Structures are given as structure tokens and as C-alpha cells.
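Asker: Right, I'll just put the structure down here and ask away after.
The values are calculated or read from the model by the stated rules, or taken from the named source; none is laboratory data. Values in this document were obtained by computation on a predicted structure and should not be read as measured data. Backbone-built Cβ (ideal geometry, glycine too); neighbour counts: all protein chains shown. These accessible areas exclude ligands, DNA and RNA; they are computed on the full protein's heavy atoms, side chains included. Shrake-Rupley method; radii C 1.70, N 1.55, O 1.52, S 1.80 Å.
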Amino acid sequence: MQRFASKLSPQIINLLIAILVVMAITLYLYLIKFHGQITGFFRIGSILPLSPYLDPNRTLIYRGEIGYDGQQFLSLAFDPFLHNPATLDSLDHPIYRYRRIFYPLLSYVLSFGYRPLIPYMMVAINGLSIIAIVGITSLYFNPNPVNRWQPLLTLCIPGVWMVFSLGTADLLSSLLLIIAFYCYRFDKPLGTAIAIALACLTRETLLLIWLALLITSILQKKKAQIKYLFAALILPIFWTVYISFLNLPGAVRVKANFGYPFVGIYQKFVSLITGGLNGRNLFEAYLFILLLAILTTVLIIAYYRQKDNKLIELSTLLYSTMFAMSSMTILGYYLDYSRVFMDFYFFLLLIINPSKLPLKTGLLLGSGLGSLAFLALHS
């Protein structure tokens, strides 16, 4: 067995470890946390109307809760073409939710429209996204043996397991982002364009990554990539125009999520300082300060290694603008900011730094404590 393992490449070993970890945590969540109910992965509350395709007697419902975003994605996956009027009633902000169509539509297509299979497919997509992120990151570092085991640090990122247990689209969007970065690094302009186009249909905030790709392409004089990036906008623009003709109810939640720069961050620190020395507040402080430390580290490394990390530097700067303008709607709860800004962790993971500086690895390993605490204690 040891001789067989020694013949495997680091990339294959990384994949095998990722598969085992994802399978183990899937079984733990499904059998222990959610008592064998697949709908537990979508944090379905009792306040909003259920999807017309969910049986209340066979659904794990958290009483007294409004639910989480996974509930919205599940409702859309059951009816991505909005054939049933009751589907709209189950969505809190239909026009906002329908912009993020790729994850529910992909789940519907891969399930061949068979609704009992759809929740399982959505969980499978998220699990496979984690494994694929490890695989693509291994290929991303392939020329650099110093970083060959770092893709496994993906498994330490708290947002990865939060998204996995809540059934949202962020893992798929992060996978598409990493594919776009990989294709850009190895001069595959068509692959970059396809990945970022689908990413924008998964989370519209990935338009910031499209902009970072465009600026980097201009600075590095990649004319073919510039052409493909403009072509990549066709699909998101078409979808936005199509939605505008549907006259869907609900507001786009930009005003609630964002405000004046640094006001939300200031309010977050005030809440942490006045929140006391209880376990929940300490956990909030740990994850928020960790996020700030990771953001700072990415910017420092990118500044000193600009030649290798121009795309990551610009992406981080653009995301930092969104972070600085975030309100307490996003920053108030660790599930929200750990999920929305999970890509900061991936920027740190992907950053090229030939020296064996332990800060990068140490921060990502430190994030593993947050992941263990979440998996063990969150209910």
C-alpha cells in the first residue's frame, strides 16, 4: 500500500484526501446533524412559504426562523422556469434570486427535472465543487513544487463548510472563479471567458472579477483575452435583459447590504467590543479578525510579488471596496461575511509566493479551527 501511494502524484493524493474528507463530512452532516433528511442542507425556515414542491411532513424545518439562502436556491431548482406561480411566493426577493440562476438551473438539468433527486444533486454539486477546487488549485501550482500540498488548505476554510451545510451557490461560484484564474494563468482565453460568464450567472458580484481580468489583460497586453472577455458579457447581459421583461416582484438588495465606506466595519468592531466574553461573540471576533488578517496578507504579498500576482492583487482591491462598503446586514453575522467574502481565502491560497513564508499557511491552518468549531457546534 505504501509503495502504491509513493507512485501517486501530489495532485492525485490531494484529490483522494479531498474526496475522503468531503464524503466523511457529508455523512456526518446528513446522518447526525440533519437526522437523515436531505433538506437539512438548505436551512429551511418556517416563516416564508415553502416551495410548492416540498412536502412539509418530509422536510426539516427550523421553527421560528426565516431560513437561509439555500432555501431560495432549492425553490428555484425545483422550478427554474417559474411555471408554478406558487414558486414566486416562496421567494423573498424573486428578481434578486432569479439573477443567480446557474446553480439551481444546473441542479435541475443534471437531475433531468426529477424533483426528488434535485436536493441530492445540489449537495453533490457543492461537494464536487470542493473537490474540484482542490484539483484545479493543484494544477495551478503544478510548476511550483513548494506549494504542491497547499491546495489541501481549501479544507480548512470555514466558509467552505458553511456554504456546504447551507446549500448556497458560493462554492460553485468560487470554483468558476478559480477555473477562470487557472485558464488566465495558462493562456486559455476561451476557458477564462466561459468560466467568468457562468460565474456571473451564479453570483453577480463576480462582475468585479471580470473587471479585474479585463484590467489585467490590458496591462499585460493580452489582446485575445480582452476580446473573449467582452464576449463573456453576452450571456449575463442577455439574462439581465430577459429578467427585466418578466416584471418579477422584489427589490434588489443593494441598499440593505451596502452603505458608506467603513461604517459597517466600525459598527462591527463596536458590536464585538460590547458583546461580552461569551463563546458566540469570541467566535465572531475570531472569524472577523481572521478575515481582516487574510485580506491584509493578500495585499502585502501581492504588493511585493506584483509580477506573479497582478490578477489577484486587482481582484482583492476590487473586493476590498465591496468589503469596505458592506453594512451590518452582511457583517453582523459570521455566516454571512464568511460566505460572501470566502474568496479572500482563495486569493490567499492562490497567491504565488516562492519563499516558504509560514504566514500564508499559518493563517489558512488557523482558519481550520473555525471550521472545526462550526461543524461541531453549529445547530
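Asker: List the number of the failed condition for Lys255; all other conditions in (1) at pLDDT 95 or above; (2) open to solvent by 80 Å² or more (accessible area, probe 1.4 Å) hold.
Answerer: With respect to (1) at pLDDT 95 or above; (2) open to solvent by 80 Å² or more (accessible area, probe 1.4 Å), Lys255 is out only on (1).
Asker: Out of all the residues in segment 5-24, is one or more open to solvent by 70 Å² or more (accessible area, probe 1.4 Å), of a type in the set (Val, Ile, Thr), in contact with a Gly (Cβ under 7 Å, 6 or more places away or on another chain) and touching a residue at least 12 places away in the same chain (Cβ under 8 Å)?
Answerer: No - not one qualifying residue is present in segment 5-24.
Every residue, every condition in (1) surrounded by 22 or more Cβ atoms within 10 Å (Cβ to Cβ); (2) at pLDDT below 95; (3) touching a Cys at 6+ places or on another chain (Cβ under 9 Å), yes or no:
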position: Ser107; (1), (2), (3): yes, no, no
position: Ser111; (1), (2), (3): no, no, no
position: Pro116; (1), (2), (3): no, no, no
position: Met121; (1), (2), (3): no, no, no
position: Pro143; (1), (2), (3): no, yes, no
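Asker: From (1) surrounded by fewer than 24 Cβ atoms within 10 Å (Cβ to Cβ); (2) touching a residue at least 12 places away in the same chain (Cβ under 8 Å); (3) more than 13 Å from the chain's Cα centre (by Cα), pick out the condition that doesn't hold for Phe186.
Answerer: (2) is the only condition that Phe186 fails.
Asker: Being over 28 Å from Leu375 (Cα atoms), of a type outside the set (D, E, K, R) and more than 20 Å from the chain's Cα centre (by Cα) narrows it down to one of Tyr140, Tyr62, Tyr96, Tyr114, so name that one.
Answerer: Of Tyr140, Tyr62, Tyr96, Tyr114, the one residue that is over 28 Å from Leu375 (Cα atoms), of a type outside the set (D, E, K, R) and more than 20 Å from the chain's Cα centre (by Cα) is Tyr114.
Asker: If you don't mind, there's one more thing I want to ask. Examine segment 235-250 for a residue that is open to solvent by less than 80 Å² (accessible area, probe 1.4 Å), in a helix (DSSP H, G or I) and in contact with a Ser or Thr (Cβ under 8 Å, 6 or more places away or on another chain), and state whether such a residue exists.
Answerer: no
Asker: Can you say whether Gly40 is open to solvent by 20 Å² or more (accessible area, probe 1.4 Å) and without any contact (Cβ under 8 Å) to a residue 40 or more places away in the chain, as far as the supplied structure shows?
Answerer: no
Asker: What residue, of Leu177, Leu248, is of a type in the set (A, V, I, L, M, F, W, C) and at pLDDT below 95?
Answerer: Residue meeting the stated conditions: Leu248.
Asker: Here's another thing I want to ask about it. Could you run through segment 217-228 and say how many residues are touching a residue at least 40 places away in the same chain (Cβ under 8 Å) and buried (at least 19 other Cβ atoms within 10 Å of the Cβ)?
Answerer: Residues flagged as touching a residue at least 40 places away in the same chain (Cβ under 8 Å) and buried (at least 19 other Cβ atoms within 10 Å of the Cβ) within segment 217-228 amount to 1.
Asker: So how many residues does segment 97-116 have that are under 19 Å from Leu176 (Cα atoms) and assigned to a loop (DSSP other than H, G, I, E, B)?
Answerer: Number of matching residues: 2.
Asker: Right, something else. Which helices (runs of 4 or more DSSP H) does segment 276-373 wholly contain that include 3 or more residues that are open to solvent by 50 Å² or more (accessible area, probe 1.4 Å)?
Answerer: 279-304, 306-324
Asker: On the basis of being out of contact with any Lys or Arg (no Cβ under 6 Å at 6 or more places or on another chain), open to solvent by 30 Å² or more (accessible area, probe 1.4 Å) and on the phi < 0 side of the Ramachandran plot, does Leu74 make the cut?
Answerer: No.
Asker: State the number of residues belonging to segment 77-96 that are surrounded by fewer than 16 Cβ atoms within 10 Å (Cβ to Cβ), part of a helix (DSSP H, G or I) and either of a type in the set (A, V, I, L, M) or in contact (Cβ under 8 Å) with a residue 40 or more places away in the chain (or both).
Answerer: Residues meeting the conditions: 2.
Asker: Looking only at segment 10-46, how many residues end up being β-branched (Val, Ile, Thr), closer than 19 Å to Leu166 by Cα and in a helix (DSSP H, G or I)?
Answerer: The number of residues fulfilling the criteria is 7.
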